[in-house]
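Only one structure is covered here, and it is reproduced in the block below.
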Amino acid sequence: MQDTFINLWEKREGIDLSKPVKSYLSTAIRNKCLNYLRDNKKFNNDLLSAEELLSDYAADTTDSMAEADISRNIRDAIGELPERCREIFVLSRYENLKYQQIADKLEISVKTVETQMSKALQHMRLRLKEYMIIFLLLLFK
């Protein structure tokens, strides 16, 4: 399994980030297992090909479900933020405004924007800690 993470790191620039990394890792590990079974011929080849057909369908379903799960958890975490904090977070992360632009738009100080963003990011880190490995992998793309 360790070599799967190494492989992910080495191929990070070619990975489609529109799909969840968790699904990529699951698929990569599943494929390694299938390759091991194929190479060691411990099972009937018909069983392996049937498994590949079923797992391709399951992987597509899992990708969609995982993506929906992550999106829902992010929306929920953002929804838990206090109103002003949420507004600042959305302006920064979804509308890509700089802190000064947010301060000007909301008629508040840049320091207030920084403080609210710090609170928002801390909340998001705590609330979404189970997905932190995915975020870290995406940062080092």
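The values are calculated or read from the model by the stated rules, or taken from the named source; none is laboratory data. Predicted model only: the values in this text are computed from it and were never measured. When we count neighbours, we look across all protein chains shown, and the Cβ atoms used for this are built from the backbone with ideal geometry, even at glycine.
At a glance:
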{"item": "Residue match in segment 120-132 (condition: surrounded by 15 or more Cβ atoms within 10 Å (Cβ to Cβ), modelled with pLDDT of 90 or more and either part of a helix (DSSP H, G or I) or outside the structural domain of Cys33 (by TED's automatic domain parsing) (or both))", "result": "yes"}
{"item": "Odd one out for Ile108, checked against (1) in a helix (DSSP H, G or I); (2) at pLDDT 95 or above; (3) β-branched (Val, Ile, Thr)", "result": "(1)"}
{"item": "Filtered residues of segment 71-83 (kept if within 14 Å of His123 (Cα to Cα) and either surrounded by fewer than 17 Cβ atoms within 10 Å (Cβ to Cβ) or of a type in the set (D, E, K, R) (or both))", "result": "Asn73, Ile74, Arg75, Asp76, Gly79, Glu80, Pro82, Glu83"}
{"item": "Residue in segment 89-102 that is exposed (fewer than 14 other Cβ atoms within 10 Å of the Cβ), of a type in the set (Asp, Glu), modelled with pLDDT of 70 or more and not in a helix (DSSP H, G or I) present", "result": "yes"}
{"item": "Test: Ala28 is modelled with pLDDT under 70 and surrounded by 15 or more Cβ atoms within 10 Å (Cβ to Cβ)", "result": "no"}
